[in-house]
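What follows is a single structure, written as structure tokens, with notes after it.
The values are calculated or read from the model by the stated rules, or taken from the named source; none is laboratory data. Only a predicted model underlies this, so the values are computations on that prediction, with no experimental measurement involved. As a convention, Cβ positions derive from the backbone with ideal geometry for all residues, glycine included, and neighbour counts pool all protein chains shown. Note: areas computed on protein heavy atoms with side chains; ligands, DNA, RNA excluded. Shrake-Rupley method; radii C 1.70, N 1.55, O 1.52, S 1.80 Å.
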Amino acid sequence: MKCRLFFFLMTVLSTSLHVPVATAAASIAKTIVVNPSGTGDFRSVQEAINSVPDYNNQWIKIHLASGVYREKVVIGAYKSYILLEGEGAQKTSIEWGDYASDSRGHDTASCGTFTSYASNIVVAGITFKNTYDGYSHTKQAVAALIAGDKSSLYSCGFVGYQDTLADLFGRHYFKGCYIQGVTDFIFGLGQSIYEGCTISTANSVEKPGFVTAQGRGAANDTNGFVFKRCNVTGPQATYLGRAWGRYSRVIFYQTFMSDIIVPQGWSVWNSHGYENEITYVESECTGPGSKQSGRVRWKKTLTSDELRKFTDISYIDGEGWLGEQPQY
């Protein structure tokens, strides 16, 4: 299923939860208000996004009033420079329940509650939830799929069971977010830094789970997931990740790990025989789950200089695009 997702999206691309406050790093050309009560410009999130012209090159803020928006939302590839802003992840949520192989014919690529293909997108203060009940039988049920370059997400929530967050393609920055799931619940080929995020397992009959399924497929691919000063917790046991791609790369840096981490820490999964090419790193982590005595032998250790290459913001932002976006 994930292989189909990869090829589908390559085709598409070729053609602490507080209320954030924006600063003046980027000027907002227009503000659109969404409120189901009818007091805003639109009642639905998708209607507001559709109103943004294709090939837009000025920042447009779409502000969502507090409440639950029960709809499926897509930002198309040609609708860049959108700031999608809620009133806090505990107050504003977008929820839908499609899942792979459901009666409507969805697969992993099309089941997401929120999907963003455009570059230069900022999202803040919103929870994205896939309402499919994966407790007793997990299926791919994406809460958010991010496939556009230069995407930043602040103080957002991502809630699901399997494949919760598809961090699929492009350079991404997640700060202060909450991500919950059971199986491969952060997956994809994104080149991303997660800073100050809470990563939580969910109760499920499937035990243990897997936090990440990173899909880097070649030695010269730059992508990988970096978790910086995060918190890994939750009610049930989990691996930190399993290798979806032969060169899968995940780094946990200065992260607290509760006792839910399986002693081995990592799984080779589909990349058996290529353990030496996988880059799984834990550096300066704390907590009972960070003990290294039972870890897989092929886990990597990086030098200080090698580690800095990934933990510095330049890993995703060498040219300064984050500073040109609305700041939170």
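Computed values, structure above
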| quantity | calculated |
| --- | --- |
| Alpha carbon centroid spacing (whole Å) that separates the range 74-148 from the range 192-245 | 18 |
| Among the listed pairs Lys91/Lys291; Lys129/Lys207; Lys61/Lys129; Lys228/Lys300; Lys79/Lys175; Lys129/Lys150, those beyond 26 Å (Cα-Cα) | Lys91/Lys291 |
| Inter-site label distance for Asn270 and Glu47 at 7 Å from Cα along Cβ, in nm | 4.1 |
| Spin-label model distance (nm) - Ser37 vs Ser66, 7 Å beyond Cα toward Cβ | 1.1 |
| The chain - mean residue ellipticity at 222 nm from DSSP helices (-39,500 (n - 2.57) per run, n ≥ 4, rounded to 500) | -2500 deg cm²/dmol |
| Qualifying aspartates and glutamates (Cα of each under 15 Å from Cα of Lys139; at least 8 residues distant if same chain) | Asp98, Asp102, Asp107, Asp163, Asp184, Glu206 |
| Share of carbon and sulfur in the accessible heavy-atom surface of the range 285-328 [1.4 Å probe, %] | 49 |
| Portion, in percent, of the accessible area of the range 96-198 that falls on carbon or sulfur, probe 1.4 Å | 45 |
| For the chain, accessible area per residue (1.4 Å probe, heavy atoms of protein chains only), Å² | 40 |
| Residues listed by number, the range 212-242, amide nitrogen under 19 Å from Thr286 label point at 7 Å toward C-beta | 227-234 |
| The range 216-328, relative contact order in percent, only Cα pairs under 8 angstrom and at least six apart counted | 25 |
